[in-house]
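The values are calculated or read from the model by the stated rules, or taken from the named source; none is laboratory data. Owing to the predicted nature of the structure, the values given are computational and were not obtained by experimental measurement. Note that we place each Cβ from the backbone using ideal geometry, even for glycine, and neighbour counts take in every protein chain shown. Accessible surface is based on the protein model in full, side chains and every heavy atom, while ligands, DNA and RNA are left aside. Shrake-Rupley method; radii C 1.70, N 1.55, O 1.52, S 1.80 Å.
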Amino acid sequence: MSSVAKRAVSVVSMGRMGFMAAYDVQMRYVRNHLDELAGLPHAHGENMLLLVEHTPVYTVGTRDRAYTADYCQALKKTGAEFYRTNRGGLVTFHGPGQLVAYPILNLKQFKPSMKWYVNRLEETLIGTLRRFGITGRRTCETGVWVDERKIASIGLHGTRYITSHGVALNCNTDLSWFSEIEACGLPGVEVTSLSRELDRNVPYQDSVKPFLRAFQEVFECELEFQMLEERELPSVSVPAPESRGGELLHTELKEVGIRHMSTMAPNPAPRLIIPQSDSLPPTTTTEAETEDDHTQTSEVETPPGKAMW
């Protein structure tokens, strides 16, 4: 396989979608990678970049011992969903007006280092902000900041250098949702957005092109745009993604250099069963080499049909 082929990344815009539905799509492609690594016949792992705008949801990472049942119930009463996950990090919010990107990558085709990967994601977000004329910066805390205000968060999971979860960039998010939590466990932190920094409305859709340009540049990859077909979503119990996000990518992103592919890979992973509780089936996890609590790695292969959260 050529180095160019190894660095191909397929982009899927899923529109607005619930957290668990998007999780199901993530796990299909994670499973394809793991099956290929296990040597299963006809298995093919494809590097993916899933873009989504979530319905309101609070999620917590692996350091969730501080969050009591009462605390979690209080978050649910706000009208948002709530889930415990196996990503690194503490509590955060996802919702309308926020660009969430889930790269499902085999880092052995890039650089087998989670520390490098976190750095590259931060650089991608900083590059995205730069395209808006905003100066982003790193701190000792994972994520990206504008001065002392947090504008983007990162929470990751990795199994055998196959990545899941990802990044969230506030565009025109209703920031009042963050008043219910200590974002990423940081007391008193101010959360900001593209709209607040620029003093104008910057919807989710306007952030897609700058983000993809930055991702392509930082990861030195070739992007291909793919569309989820109706048959690819039999287990996703939400309405079809809003059309505007897909139309934007399909009609306007040619200038980014993204090739259009009309279908997904021919061997989608089997349907995953979405649990009904607010916690997903656990796996044994260890601290990642990043020495950062926003990344978790798993040395245990997930049994077929189980979610690797």
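Close amide H contacts of PHE225 (hydrogens built in the peptide plane, cut-off under 5 Å, sequence separation of 5 or more or a different chain): VAL11, ARG259, HIS260, MET261. For the range 7-232, the residue among LEU37, CYS171, VAL202 whose Cα projects farthest onto the positive side of the dipole built from Cβ charges is LEU37.
For VAL202, nonlocal amide neighbours, meaning residues 5 or more places apart or on other chains whose placed amide H falls under 5 Å from its own, are SER195. Per-residue surface analysis assigns THR62 an accessible area of about 40 Å², computed on protein heavy atoms at 1.4 Å probe radius. Determine the alpha carbon to alpha carbon distance for each of LYS77/LYS209; LYS77/LYS111; LYS115/LYS209 and list only those over 31 Å. Flagged as over cut-off: LYS77/LYS209; LYS77/LYS111.
If r is the Cβ-Cβ distance from ASP199 to ALA43 and R0 is 45 Å, what FRET efficiency results, to the nearest 0.05?
Working: r = 50 Å, r/R0 = 1.10.
Taking R0 as 45 Å, the efficiency between ASP199 and ALA43 is 0.35.
For the range 7-232, DSSP calls about 60 percent of its internal beta bridges antiparallel.
Convex hull of alpha carbon positions in the range 7-232: directionally averaged projected area 12.5 nm². In the complete set of protein chains, residue-level accessible area for LYS115 is approximately 130 Å², probe 1.4 angstrom. Under the convention that each Lys and Arg Cβ holds +1 and each Asp and Glu Cβ holds -1, the size of the dipole of the range 7-232 around its Cα centre is about 440 debye. Across all Cα atoms of the range 97-147, the radius of gyration (one decimal) and Dmax (whole number) stand at 12.2, 34 Å. Accessible surface of the range 7-232, 1.4 Å probe: 46 percent of it comes from carbon and sulfur atoms. With viscosity 1.567 mPa s and temperature 4 °C, the Kirkwood radius over alpha carbon pairs of the range 85-207 converts through Stokes-Einstein to a diffusion coefficient of 88 µm²/s.
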